[in-house]
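Trainee: Let me give you the structure first, and then I'll get to my questions.
The values are calculated or read from the model by the stated rules, or taken from the named source; none is laboratory data. Because the structure is predicted, anything quoted here is derived from the model rather than measured. Neighbour counts run over all protein chains shown; Cβ positions are idealised from the backbone, glycine included. Surface areas here come from the heavy atoms of the whole protein model, side chains and all, with no ligands, DNA or RNA. Shrake-Rupley method; radii C 1.70, N 1.55, O 1.52, S 1.80 Å.
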Amino acid sequence: ATFSTDVPLSNTYSVDFDGTNDYIDCGTITGLQGSSNGAISVWIKPDTAGDAPNIGYRPSTDHQFLLTFVGGTLYFGVRNGSTANIYTTTAMPNDTNWHNYVATFNSGTTKIYIDGSEVSGTQTGTNPSTISSTSGSFFIGRNGEDNKYTDGLLDEAALFNTAISASDVTAIYNSGVPADI
């Protein structure tokens, strides 16, 4: 018999959220707080066409790092006190298939990628130089203070305390397993 020494890091499991009150509380993620760079990546298979993930931390309205879906718009917010960099887009898939969402923050610049491609949108607010250092839980399936919940399957959620490049986003989308994890 021949055995491979390469064991793929993958499975066929995901977490099913009900859209009402299901979420994962990851506690405080100190490695991201106060950083000038960061990224979120997650796969979602929504139960309702056009729905998107709710992931990140928002200990208060003045401090946040989150990717959330509100009223037909996808928001990626990086807020540190009175300074906020909010990136919004309505360019979202309108089906119930698996989709990959990546949001990056790189020294004041925010971007959103869906299925490996950067989507156009509007960046507003004042660019904070760092992500908030205010302590708060990092949630998967819930956006924090607004209590918006994901309805569908979530998988491969990842948080980075560095900005990830467009080629990293492509690798995540094409293989489902980024080299950084």
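Trainee: Would you mind calculating the relative contact order of the chain from Cα pairs under 8 angstrom and at least 6 residues apart, reporting the percent as a whole number?
Mentor: The normalised contact order for the chain reaches 35 percent.
Trainee: Suppose R0 equals 25 Å; then what is the FRET efficiency for GLU118 and THR96 from their Cβ-Cβ distance, rounded to the nearest 0.05? Write out the running numbers ahead of the final one.
Mentor: Details: r = 23 Å, r/R0 = 0.93.
The computed FRET efficiency comes out at 0.60.
Trainee: If I take all pairs of Cα atoms in region 94-136, what percentage of them are more than 13 Å from each other?
Mentor: Roughly 66 percent, once rounded to a whole number.
Trainee: Starting from a Cα-only point model with no solvent, please compute log10 I(q)/I(0) by Debye for region 53-108 at q = 0.13, 0.26 1/Å.
Mentor: -0.34, -1.14
Trainee: OK, next. Do the sum for the chain: with -39,500 (n - 2.57) for every DSSP H run of n ≥ 4, divided by all residues, what is the mean residue ellipticity at 222 nm, to the nearest 500 deg cm²/dmol? Walk me through the intermediate numbers first.
Mentor: Working: 1 runs with 10 residues, N = 181.
Helix contribution divided over all residues of the chain: -1500 deg cm²/dmol.
Trainee: Run a plain Debye calculation on region 92-181 (Cα atoms as equal point scatterers, no solvent) and give log10 I(q)/I(0) at q = 0.25 Å⁻¹, rounded to two decimals, same order as the q list.
Mentor: Each listed q maps to, in turn, -1.54.
Trainee: Counting just the Cα atoms, what span does the chain cover along each of its three principal axes? Round to the nearest Å and put the largest first.
Mentor: Result for the chain: principal-axis Cα extents of 63, 32, 32 Å.
Trainee: Counting only protein heavy atoms and using a 1.4 Å probe, what share of the accessible area of the chain belongs to carbon plus sulfur, as a whole percent?
Mentor: 46 percent
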